[in-house]
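Visitor: First, the structure itself, so that you have it in front of you.
Only the coordinates and a few stated rules stand behind these numbers; no lab work does. Computed from a prediction, not measured in an experiment: that's the story for all the values here. Here the Cβ positions follow ideal geometry from the backbone for every residue, glycine too, while neighbour counts run over all protein chains shown.
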Amino acid sequence: MTTPTATATAAPPATPTATRPAERLARLLAAITSVRAPYQAAVFRIGLSGVALAFLLREWPNRHVLYGVRSPLSFDLAQVLIREERTFTVLAWGNGGLWFETVYAATIAAALAVLLGWRTRGTSVLLMAGVLSVINRNTLVGDGGDNVVRIMVIYLVFTRCAQVWSLDARRARRRPKLPGLDPVGPFLWVAALAVLVPLSAHPTRGWALAFWTLWAVQGLWYAANRWFPRHEARAVLDAAASMLHNCAMLVIAAQVCLIYATAGWYKIQGSRWQEGSALYYALHLDYFAPWPALSGFLAGSTLTVLALSYLTVMVQVAFPFTLANRKVKNVLLFAMIAEHLGIAVVLGIPFLSLAMVVCDAVFLPTAFLIALGARCGRLTARLRPPALAGRAAPRADRVSS
């Protein structure tokens, strides 16, 4: 009887060490060329455009006094201020009421379009131009909320904020986009050209270069979609747009941390904040007391004033250092959101508080945003009329089958 010979199991070939850096580089390139934080970008888009829309609608009755022909800052004085501050506003091109109404109405329409996520790549540029034009017409009546909106609306242009929760994403899911058949594209090109021609003669040459660059990028993207939809150059453009989006989201996060760190460290240097009585004096200012009874109730408790004053400083100073710890960051994040909502109600500063809440939403966990979106979707489906729900059900069945 023969004994079977034992066959030695061959060991798998070892991976060459030379391929490991290549694999790491490939993973790194895949990470930076894919859209990061799409839900945070969508919340940022919805919130920022909503704040801009609410601001423009609230100031509608007083728009001529604040930014229009009846403003105490006359057109000639505004021209001097614009040249000194080197700001951008298309309202400096004319002093007519029709031109002002056109710009104001177009800004409202752009804010609504960005809020819904409709043709976001072009309408976000129009929103930026409109918001900067209105606010920069009279910067003397602005506050911290206007400054935050002015900064963030510029960053919004460089994000791919319509990947989810937008009409653009809904249209992309229902049918593939046909290259070159964008109906709003020619209109945006004509509008951009109408803005860029007089902007070239504007004293602020930097804004002219920025808008011409954006217009050129729009044309390059349109040409790639129309003539090279499946070419490698189209994939390169898509990867570049994703990297630009990731950089913009990182800059937004850094800007928020800078705002909080600056505010917190400046408060530390103040004697009122050091002794914990700063909030007491703020609650006794008539300008910041829309609810005198509520302000008086809070100011009457020494312990509450002391705790809120110190808590405000500690949260603002500590927030940038808590980003490395997810749990601590989430606790401080919700505390800051609650603080801003309290400031909006108690001190009557709604737009500054809402703008900061929108900026804070960039740090919200993705799982929380997905769950929130699913809950809102179920609520929308529950509130939908039965006739529409009955027509939508068979379509969903056909898609799933």
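Visitor: Give the Kirkwood hydrodynamic radius (Å, one decimal) of segment 262-364, defined as one over the mean of 1/r across all pairs of different Cα atoms.
Guide: 14.3
Visitor: Using +1 at the C-beta of Lys and Arg and -1 at the C-beta of Asp and Glu, which of 291, 309, 262 has the Cα lying farthest in the positive direction of the dipole of segment 262-364?
Guide: Of 291, 309, 262, it is 262.
Visitor: Calculate the dipole size of segment 262-364 relative to its Cα centre from +1 charges on Lys and Arg beta carbons and -1 charges on Asp and Glu beta carbons; express the result in debye to the nearest 20.
Guide: Magnitude of the dipole: close to 320 debye.
Visitor: At q = 0.16, 0.17, 0.21, 0.25 Å⁻¹, what is the log10 ratio I(q)/I(0) for segment 81-179, with the Debye formula run over Cα points and no solvent?
Guide: At q = 0.16, 0.17, 0.21, 0.25 Å⁻¹ the computed log10 ratios are -0.73, -0.80, -1.06, -1.32.
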